[in-house]
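The block underneath contains the structure these notes are about, expressed in structure tokens.
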Amino acid sequence: MVRINKNILRSILLASYIMIVALIISGVSALFSYLNTGADRSTMLHTEIKKVDQYAPKMVWEPLQNEGRPMDDQTLNAIQHDYLDAWYVKQIANKSNKTAGIKDYYTDSARKNLFAFIDLNKAQDISIEATTLSHNPTLEYFSQDGQLAVVTDRNVIEYKRVFKAKELILETTETSTYQMVFLLEDGFWRIRHLVKDSADIYNSEPQQINVDSLNIKGINYYPQANPWNMFGDEFSTDTIAKDFKIIKDAGLNSVRLFVQYEDFGKEHIDAKKIEKLKQTLDLAEANNLKVVLTLFDFFGDYSIMNWTLNQRHAESVVNAVKDHNALLAWDIKNEPNLDFESRGKDNVIAWLDNMIDLVKSTDSIHPVTIGWSNTQSASILKDKVDFVSFHYYEDLENLDAAVAALKTEIPDKPLVLQEFGLSSYSGFWKPFGSSDEDQANYHKKIQEQIAANNLQFMSWTLYDFTDVPTDVVGSRPWRRNTQKRFGFIDKNGAKKAAFKYISN
């Protein structure tokens, strides 16, 4: 009986051993499979900084004619991905003077120079905010074993701002050439060798577009039922067509429309939104209306590290509709000067400056402007825009003097009064507001001033609205209710007294 029990025990132990070995082999096999099926290397190697659509400068490779082994598209894409990651983590390191992420994209020897540079800046209380805007790499050599690649990157456009003790001491844009050697290590194409061959100051001189024939007599437009959400689920071509006919029949020739940054997909443009935008332009053309298209509505992040994402967004929108017959002009941003205090005036202006270059490099036909919220800011970047746009909601008694000052400062470009109007709201939240008659008198007077000053114009706006999103004017009821009553047509579809003066 004892012998039988020992035999049973031996059998159990042997079976257990076999099962354990089988499980180990299965686990090793699963791990091997994981490592060879596109697993996320950043999770395996505990990458400290992971790029998720954080850096997207324009990248144009020269046709592959390299020495050594031919390179397939998958490997080229892997090198490009890791190369841009390397730039991204380097820019973060130079801004923060910390080394997070460097080890995953640079070999030991390349890290030494980067670490020394960061240590020096930290000691001198220097930080650098920078981005590259475009790259033009050429693959020079790819080794037979597929482990080494040599790349020359020419005409790299770099924008940088250098701070000492948080004070800006240098702002510059350069065009540079880099020589690089990449090594494949642990699944990463790490930079082994990086040399800056040359650097020159980059001077962009976008072509000025002739605007002698510009003649804007228009209005800012949102549908009455879905303002500030024009291209959402309630998008209606029938409604827009009806409204555009009203606008044309009123003697106007143009509309101003808005493309919201997040609503249109940020750097990944929403194809459905673009299709709705094209349909709207088709309707404008059918009604003989031209369109001023305002980009980056509801956008306020001008941080340098996001510039490349913003530029890919603008590039996609511009490319999608730049050949449309209804397109009249590009408005880079609505009222960017309202962000001066919260985002930094220099940051906002630098972003606008570079965005003008991007739009003009993508579309060399249509003029560019900026929708400043007042006359005081309207001369900013006057030499870069093709016509000057400003908004005016102040006392009309001061308008003539403000326009005269602008004409003295900017004598050679058209001036467009791009937004103006008066709310007819007078109620519980604003008992001393304006009436429909006050609104009509306002528009009568300002049209007289527009004609006397030879201004072009786009009023605010066609309709009274039943609801205004809190994102537009906040949640305070006296502001929201006032914003609802700027229209020439009331919420029931009846023309208000001011409609008589919608055009001059």
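Side notes on the structure shown:
- In degrees, nearest ten, helix 2-35 long axis to first principal axis of the chain (Cα): 40 degrees
- For the range 347-504, the relative contact order works out to 19 percent when only alpha carbon pairs closer than 8 Å and six or more residues apart are counted.
- Using a simple spin-label model with pseudo-atoms 7 Å out from Cα toward Cβ, Leu338 and Asp145 lie 6.1 nm apart.
- Net +/- balance of residues flanking Thr138 in space, Cβ distance below 15 Å, scoring K and R +1, D and E -1: -4
- Of the solvent-accessible surface of the chain, computed with a 1.4 Å probe over protein heavy atoms with every protein chain present, carbon and sulfur atoms account for 51 percent.
- Spread of Cα-to-Cα distances over 10 Å intervals beginning at zero, given as percent, for the range 85-200: 14, 41, 35, 9, 1
- Estimated translational D of the range 344-456 in µm²/s (Stokes, Kirkwood radius over Cα pairs; 20 °C; 1.002 mPa s): 135 µm²/s
- Helix axis angle, 307-321 relative to the chain longest principal axis, alpha carbon, degrees: 60 degrees
- Given R0 = 22 Å, the distance between the Cβ atoms of Phe163 and Asn136 translates into a calculated FRET efficiency of 0.15.
- Length gained on full extension, Lys445 to Val195: 83.6 nm, using 0.36 nm per residue less the C-alpha separation.
- For the chain, the normalised intensity computed at q = 0.09, 0.10, 0.12, 0.14 Å⁻¹ comes to -0.76, -0.88, -1.11, -1.34 (log10 of I(q)/I(0), Debye sum over alpha carbons, equal scatterers, no solvent).
- Taking a straight line from the alpha carbon of Lys445, these aspartates and glutamates sit under 12 Å away, with near neighbours fewer than eight places off in the same chain left out: Asp395, Glu397, Asp400.
- Peptide packing: for 258-264, 483-489, the average count of neighbouring Cβ atoms within 10 Å per residue gives the ranking 483-489, 258-264, highest mean first.
- Those aspartates and glutamates that a straight Cα-Cα span of less than 15 Å connects to Lys384, excepting residues fewer than 8 apart in one chain: Glu205, Asp331, Asp353, Asp357, Asp363, Glu409, Asp412
- For the chain, the mean residue ellipticity at 222 nm estimated from helices alone is -12000 deg cm²/dmol, where every DSSP H run of n ≥ 4 contributes -39500 (n - 2.57) and the total is divided by all residues, rounded to the nearest 500.
- Cross-link check: pairs Lys98/Lys164; Lys122/Lys164; Lys90/Lys196; Lys322/Lys345; Lys245/Lys322 evaluated at a Cα-Cα cut-off of 20 Å; pairs beyond the cut-off: Lys322/Lys345; Lys245/Lys322.
- Ratio Rg/Rh, restricted to the range 254-308 and using Cα atoms, in which Rh is the Kirkwood radius: 1.06
- DSSP bridge orientation in the chain - percent antiparallel, rounded to nearest 5: 55 percent
- Theoretical gain in end-to-end length, Ala116 to Asn210 [0.36 nm per residue, Cα-Cα removed]: 28.8 nm
- Angle between the chain longest axis and helix 345-362 axis [Cα atoms, degrees, rounded to 10]: 90 degrees
- Relative protection proxy for 185-192, 338-345, 352-359, from highest mean packing down: 352-359, 185-192, 338-345 (other beta-carbon atoms within 10 angstrom).
- Normalised by the number of residues in the chain, the mean separation of alpha-carbon contacts (under 8 Å, six or more apart) gives a relative contact order of 11 percent.
- If the segment from Thr237 to Ala404 were pulled out straight at 0.36 nm per residue, it would be longer than the present Cα-Cα gap by 56.0 nm.
- Per-pair calculated FRET efficiency, R0 = 22 Å: Asn374 and Asp412 via Cβ, rounded to 0.05: 0.55
The values are calculated or read from the model by the stated rules, or taken from the named source; none is laboratory data. Note that this is a predicted model, so its numbers are computed, not measured. Positions of Cβ are generated from backbone atoms using ideal geometry, with glycine treated the same way; all protein chains shown enter the neighbour counts. Side chains included, ligands, DNA and RNA excluded: accessible areas come from the protein's heavy atoms. Shrake-Rupley method; radii C 1.70, N 1.55, O 1.52, S 1.80 Å.
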